[in-house]
1. Under a 5 Å amide H to amide H cut-off, with H placed in plane at 1.01 Å, what residues pair with residue 204 once short-range neighbours are removed?
2. Given the C-alpha centroids of the stretch 67-106 and the stretch 108-130, what is the distance between them in whole angstrom?
3. Take the Cα atoms of the stretch 1-58, find their three principal axes, and give me the spread along each one in whole Å, biggest first.
4. Provide 246, 263 in ascending order of the number of other Cβ atoms located within 10 Å of each residue's Cβ, fewest first.
5. For a protection proxy built on the mean count of beta-carbon atoms within 10 angstrom, sort 270-278, 6-14 highest first, please.
6. Work out how far the C-alpha atoms of the stretch 128-214 reach from end to end along every principal axis, then list the three figures in whole Å, largest first.
7. Rounded to the nearest 20 debye, what is the charge dipole size of the stretch 42-189 about its Cα centre when +1 sits on each Lys and Arg Cβ and -1 on each Asp and Glu Cβ?
8. Any idea which of 224, 85, 44 is furthest toward the positive side of the dipole for the chain, if Lys and Arg beta-carbons carry +1 and Asp and Glu beta-carbons -1?
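What follows draws every value from the coordinates through simple rules; no lab data is involved. Values in this document were obtained by computation on a predicted structure and should not be read as measured data. Don't worry about glycine lacking a Cβ; one is built from the backbone with ideal geometry, like all the others, and counts go over all protein chains shown.
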Amino acid sequence: MEYRKLGNTDIDVSVICLGSMTWGQQNRQLEAFEQMDYALAHGVNFLDTAEMYSIPPSADTQGSTETIIGSWLKSRSNRDRIILASKIAGPAEGWMDHIRKGRTRFNRAHLEEAINGSLRRLQTDYIDLYQLHWPERNTNYFGQLGFTPAEEDEFTPIAETLEALDSLVTSGKIRHIGLSNETPWGIMRFLELAVRLNLPRIVTVQNPYNLLNRSYEVGGAEISWREHCGLLAYSPLGFGVLSGKYLGGARPMGARLTLFPDYTRYSSPVAEKATAEYAALARRHDLDPAQMALAYVNSRPFLTSSIIGATTMDQLATNIASADVRLSGEILAGIQAIHEAHPNPSP
């Protein structure tokens, strides 16, 4: 397993991070325990979760993933071996009203409420990396294109958010902070104010990045490299699409897009055509399509870690093994040719 620094800290994290959003819904606790045991045994020391998980979000399952992880940490007595990341949900009025009535603000009161709930469920005294799951302000995220200024765009001043996070760092509840689903403007604003006001500096940005969506390369990648706040790539397989298992309209039993067909971000006709070409490229070189897709993400110099997700142990083993796959110049050229023919079909 390869390890990289978490931002400008002295913490080493595995290039593969184990995602957890299926635990408590698609995966039962016993299966989640098996995944975590296997991952740790194979060098993965980085776990990512969120207060809103599992996914799809619901009042019945909210917090279930953190609860499962907390039970595992307690039963294994291995908290000191794990770099643990979690997130406070952003505003979600109308579609996630069960968390602070959908009106989360990144102010002191809501941050303290969220972190205390996560610590209780995780059965730990601290979280290594605490992230803002998506921006509070009006901006582009979750695949939205076309920035539209809001007539009334009131949000907690970023300096106030950093001051609240600083108090949580000082109290020992969190060690470091990160952003998620953030824009280049937001990343730089957080960095600038941290320096100016001597407040905690973000060390990671958790945004989508995969062969079907390389939009992070426009703006975000340079910031991650120059400012030492590396990318935590989520959806590195595009909801599993880049494994090739959904090609030709296939919907395997129990697979995520079979169970939740509304998740269409990576399933457009153009995305399917690109996926078919990526899968064919992998097979011509005797590679597993999922491992090729993950190995590409792993190879990016601005990346800290790829957040994988799996519902079966076979998937998990394949995904973790991608850390040992190195792509030749010929394969990288083939990937680039496909990208130029079908650029970012799933932003």
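1. Amide H neighbours of residue 204, under 5 Å, 5+ apart: 179.
2. Centre-to-centre (Cα) distance: 7 Å.
3. Here the Cα extents, ordered largest to smallest, are 36, 23, 11 Å.
4. 263, 246
5. Averaged packing, sorted descending, gives the order 270-278, 6-14.
6. 39, 35, 20
7. Using Cβ point charges on Lys, Arg, Asp and Glu, the stretch 42-189 gives about 660 debye.
8. Of 224, 85, 44, it is 44.
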